[in-house]
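**Q** There's a structure below that I have some questions on.
Taken together, the values in this text are just the output of simple stated rules run on the coordinates, not laboratory data. None of the values given here were measured: they were computed from a predicted structure. Positions of Cβ are backbone-derived with ideal geometry, glycine not excepted, and every protein chain shown enters the neighbour counts.
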Amino acid sequence: MNVAVLVSGRGSNLRAICAAIDAGECDATIVGVVSDRKRAAALEFAAARGIPTRTVTLRKGDDRDSWNESLADEVAALEPDLIVLAGFMRVLGPPLLQRFPGRIINVHPALLPSFPGHNGPQDALDGGVRISGCTVHIVDAGVDTGPILAQAAVPVLTEDTADTLHARIQVQEHRLLPRVIHQIATGAIALDPLTRAH
Ligand code: GRF
């Protein structure tokens, strides 16, 4: 299964996917990494590994519709079977969603439907929950609202800051995301019926 990975930053999830592929635990090939930021560490990692990289930036004042079209063109050129948002910090517009309906997944640092948006770990702390975690879900037009594929739980400790909680959640993300990709590749998770059901 050919996978395009969309990133904005550090790329620890991208590394985890690559490590799982190397270990024979994730039956996928990463055909390209696409970033909305030029200086994403994830891009350097991908390039060093020989994975094709593309950058489609959106600056203040840029036309968002054209950015969405360019992003969709770059991703489509990679001919992926699956698109994985691994720390991609922008909401996708219709061009990409319509070209790959139900074929885009995201990893989120909270147990959805609780705490969607950019501050999952901090919002979980503010909400006073004792358990948080991570969610892999299909991407739809909303913010972290698509059908849930898998989740992993993480305890929230009294001394946690958003950073320490996020770090503990990421340990689980790095296990869960490659596993879900593998399950999609083998057909253990069927995306199409799920998408139709919603
Ligand atoms: C992850 O915690 C993910 O849940 C969120 O963004 C973060 C990306 O981390 N969507 P990294 O770039 O993979 O290290």
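**Q** Report for the chain the percent antiparallel among DSSP-assigned beta bridges with both residues inside it, nearest 5.
**A** Among the beta bridges of the chain, antiparallel pairing accounts for roughly 40 percent.
**Q** Could you give the radius of gyration (one decimal) and Dmax (whole number) of the Cα atoms in region 2-197, in Å?
**A** When restricted to the Cα atoms of region 2-197, Rg and Dmax are 16.1, 47 Å.
**Q** Additional query: Roughly how many Å is it from the Cα centre of region 74-108 to that of region 24-49, as a whole number?
**A** Here the two parts' Cα centres lie 14 Å apart.
**Q** Also, quick follow-up: Which order do peptides 37-50, 83-96 fall in by mean Cβ count within 10 Å, highest first?
**A** 83-96, 37-50
**Q** Let me ask something else. Quick one: compute a quarter of the convex hull surface over the Cα atoms of region 28-126 and quote it in nm².
**A** 7.5 nm²
**Q** Taking the Cβ of Ala110 as the centre, find all other residues whose Cβ is under 14 Å away and add up their charges (Lys, Arg: +1; Asp, Glu: -1).
**A** Cβ neighbours under 14 Å give a net charge of -3.
**Q** Now a separate question. Along Cα→Cβ, 7 Å out, is where each label goes; now give me the distance between the ones at Lys38 and Arg90 in nm to one decimal.
**A** 1.5 nm
**Q** Of the peptides 135-144, 150-159, how do they stack up when ordered by the mean number of other Cβ atoms within 10 Å, highest first?
**A** 135-144, 150-159
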